Amino acid sequence: MNTPISTFAPAPLEIPAAARVGAYDWQTAAAELDGFGCAVLPRLLTPEECRAISGLYSQERHFRSHVIMARHGFGKGEYRYFHYPLPEILGGLRTALYPHLSGIANGWNERMGTEERYPEDHASFLKQCHEAGQTRPTPLLLQYVPGDFNCLHQDLYGELAFPIQVAILLSEPGRDFTGGEFVLTEQRPRMQSRAEVVPLRQGDAVAFAVHNRPVRGTKGNYRVNLRHGVSRVRSGKRHTVGIIFHDAR
Ligand SMILES: O=C(O)CCC(=O)C(=O)O
Ligand SMILES: [Fe+2]
């Protein structure tokens, strides 16, 4: 399903996605996701790969749609959804990341008393999406210029939603842009909301909860509601690539 990125950008997948993803300490990542709703995977992409992926933004043939955020009240900035087949590097990372996250997601559902369980491999989950009428790919490339921001939101595209997603920062903070921090908020029942700002460098990925996750309280687990967004870019240009595991209706 994936085309090699090297046919249109100078970035072959030198280290296979599964090896790259498998090299992280997933026990620590799971503990961070459990404790805070997010975990950083440092340097998932090399600077060259980041540049190659950002460079796709202006090449319309890779995308199925283009969203100007201000037109929808989503913030200010723009993004494009890739079409299938995905660039090899993104398809590869999505497939490789999924099995590490599905166990965490199933643990969350168990603790939240939700019956739904996610299959161990991404192909099986995509099959479920397709059977539910969700067939359009959701990986996206975002671009922000000074003054742009991404309002707090949840990336839900139909009934089926995998509860963890990944965003990779393609630009280098301080050099390519300033401002533009990745932000997560967590709304807790009958309590004030908690915010988390995630410091990222170029190539770092953040895995985070899409909508709900369980939190351990004194009387068992309670459910919190998360949103994510990006603070205002103060200068320069910021690109990110988002990997969402469910397809869209
Ligand atoms: O630009 C970002 O860091 C966030 C992008 C986003 O909302 C997403 O990947 O779903
Ligand atoms: Fe998002």
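Below is a table of values for the structure above.
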read-out	value
Sum of side-chain charges, G180 neighbourhood, beta-carbon under 11 Å (Lys, Arg +1; Asp, Glu -1)	+1
Spread of Cα-to-Cα distances over 10 Å intervals beginning at zero, given as percent, for the chain	7, 32, 39, 19, 3, 0
Apportionment of accessible area to carbon and sulfur, the chain, percent (1.4 Å)	52
Dipole magnitude (debye, nearest 20) for the chain, charges at Cβ of Lys, Arg, Asp, Glu	780
Where trypsin sites (Lys or Arg not before Pro) fall in DSSP loop in region 90-191, at most 11 other Cβ within 10 Å	R117, R175, R190
Part-to-part distance (alpha-carbon centres) for region 194-249 and region 78-92, which is given in Å	20
Lysines with Cα under 27 Å of K237, excluding same-chain neighbours fewer than 8 positions away	K76
Helix-only [θ]222 nm of the chain, DSSP H runs n ≥ 4, -39500 (n - 2.57) each, per residue, nearest 500	-7500 deg cm²/dmol
1.4 Å probe accessible area per residue over the chain, in Å²	46
The chain, relative contact order [Cα under 8 Å, separation at least 6], %	27
Leading residue at positive end of dipole, the chain (Cβ point charges), from G103, A52, G77	G77
Interatomic Cα distance distribution for region 28-86, bins of 10 angstrom, percent	19, 27, 37, 17, 0
Cβ-based net charge around R136, under 9 Å, with every Lys or Arg adding one and every Asp or Glu removing one	+1
Lys/Arg +1, Asp/Glu -1 at C-beta; region 135-232 dipole; positive extreme among C151, G180, A209	A209
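The values are calculated or read from the model by the stated rules, or taken from the named source; none is laboratory data. Because the structure is predicted, anything quoted here is derived from the model rather than measured. Here the Cβ is made from the backbone with ideal geometry for all residues, glycine too, and neighbour counts use every protein chain on show. Accessible surface is based on the protein model in full, side chains and every heavy atom, while ligands, DNA and RNA are left aside. Shrake-Rupley method; radii C 1.70, N 1.55, O 1.52, S 1.80 Å.
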